[in-house]
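Rule-based calculations on the coordinates, nothing more; no lab input. A quick note: this is a predicted structure, and the numbers were derived from the prediction, not measured. Please note: Cβ atoms are built from the backbone with ideal geometry, for glycine as well, and neighbour counts cover all protein chains shown.
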Amino acid sequence: MAVHPLVKRFYPESVILGYTFVDGTNVFYNSIRRLIGQNADEKVLLDLGCGRGAYIQQDGEVADYVIQVRNFKGKVKRVIGIDVDPNAAGNPSIDEFHLLEIDKPWPVEDNSIDVCICDYVVEHVVNISYLFSELNRVMKKGGIACFRTPNKFGYMAFISALVPNMLHSKVLKKVQSHRKEEDVFPVVYKCNTKKAFDRQLKQHDFDPYVFYYNSEPSYLKFSYITFFFGYYLQKFLPKGMKATIFAFARKK
């Protein structure tokens, strides 16, 4: 996939690398790879809200580096995917799939998971305390939980809030042409602040590190004016209004 002309213009390193130095996917997933560390072939990874693996299936729509950095299948002992969507069973980046029923125990054994990835899922969860309770149950002592989710008070969340949930799929079709309507879910933002994340993780026996992050304003690259606005807005906004929350936590 070719780098978008606007990304090249504002982030010249992308001309050579194929991605920017601030690329959130690279930062998030390479951090996970470092946390997995040695003996990866002995570790079990849980992909919470694994989805259909659309990023692998969209030939030409997603950059090769995204596929390489996100796919842990064959690099760890086993990748378990759980999701409320039965179509996620076809995700090619997991070894086994289990259907998740809302507010019911996860179909995962106690103390069986070394690493859990939850990427852009928390914003859709209503019963957030139950999520962290189940996470505590399935994680091994010393296991790592990794989250990426929008910041409730980030500038992109404010923009998104102006669009009713019923219109999100249409708007995303404009700003992310490869995003399918079935991959768009309502957002509730029950745990989408740094303070809320930190509190939930500590209450459920995790030692957390939570921080705000800005990647390039990819949602705004449908025009020069919007991308220009997003690029410079990110430089001057206070830290608490960055677009994304990253959280990494170790089970005590």
Taking the Cα centre of the range 84-124 as origin and charging only Cβ (+1 Lys, Arg; -1 Asp, Glu), how large is the dipole, in debye to the nearest 20? 100 debye
In straight Cα distance, which aspartates and glutamates are under 18 Å from Lys239, not counting same-chain residues fewer than 8 positions off? Asp23, Asp198, Glu216
Most mobile listed residue (Ala54, Ala196, Ala88) in the chain, GNM with C-alpha springs under 10 Å: Ala196
Extreme residue, positive dipole direction of the range 1-112, given options Thr20, Ile67, Ile36 (C-beta unit charges): Thr20
With Leu99 itself left out, Lys, Arg at +1 and Asp, Glu at -1 over residues whose Cβ is under 11 Å from its Cβ give -2
What is the helix-to-structure angle for 24-36, meaning the angle in degrees between its Cα long axis and the longest Cα principal axis of the chain, kept from 0 to 90 and rounded to the nearest 10? 30 degrees
Hey, what number do you get for the chain at 222 nm if only DSSP H runs of n ≥ 4 count, each worth -39500 (n - 2.57), divided across all residues, to the nearest 500? -9000 deg cm²/dmol
Between helix 194-203 and the chain: long-axis angle, C-alpha atoms, 0 to 90°, nearest 10: 0 degrees
0 to 90° range, to nearest 10: angle between helix 224-236 axis and the chain longest Cα axis: 60 degrees
Over the range 5-251, what relative contact order in percent results from Cα pairs under 8 Å that are six or more residues apart? 20 percent
Of Lys77/Lys252; Lys190/Lys221; Lys104/Lys190, which sit over 24 Å apart, Cα to Cα? Lys190/Lys221
Of the GluC sites (Glu not before Pro) in the range 41-150, which ones lie in a loop per DSSP and count no more than 15 other C-beta atoms within 10 Å? Glu61, Glu101, Glu109
For 19-26, 43-50, ranked highest to lowest by mean beta-carbon neighbours within 10 Å, the order is 43-50, 19-26
First obtain the Kirkwood hydrodynamic radius of the range 5-251 from its Cα pairs, then insert it into the Stokes-Einstein equation at 25 °C and 0.890 mPa s, and state the resulting D in µm² per second as a whole number. 131 µm²/s
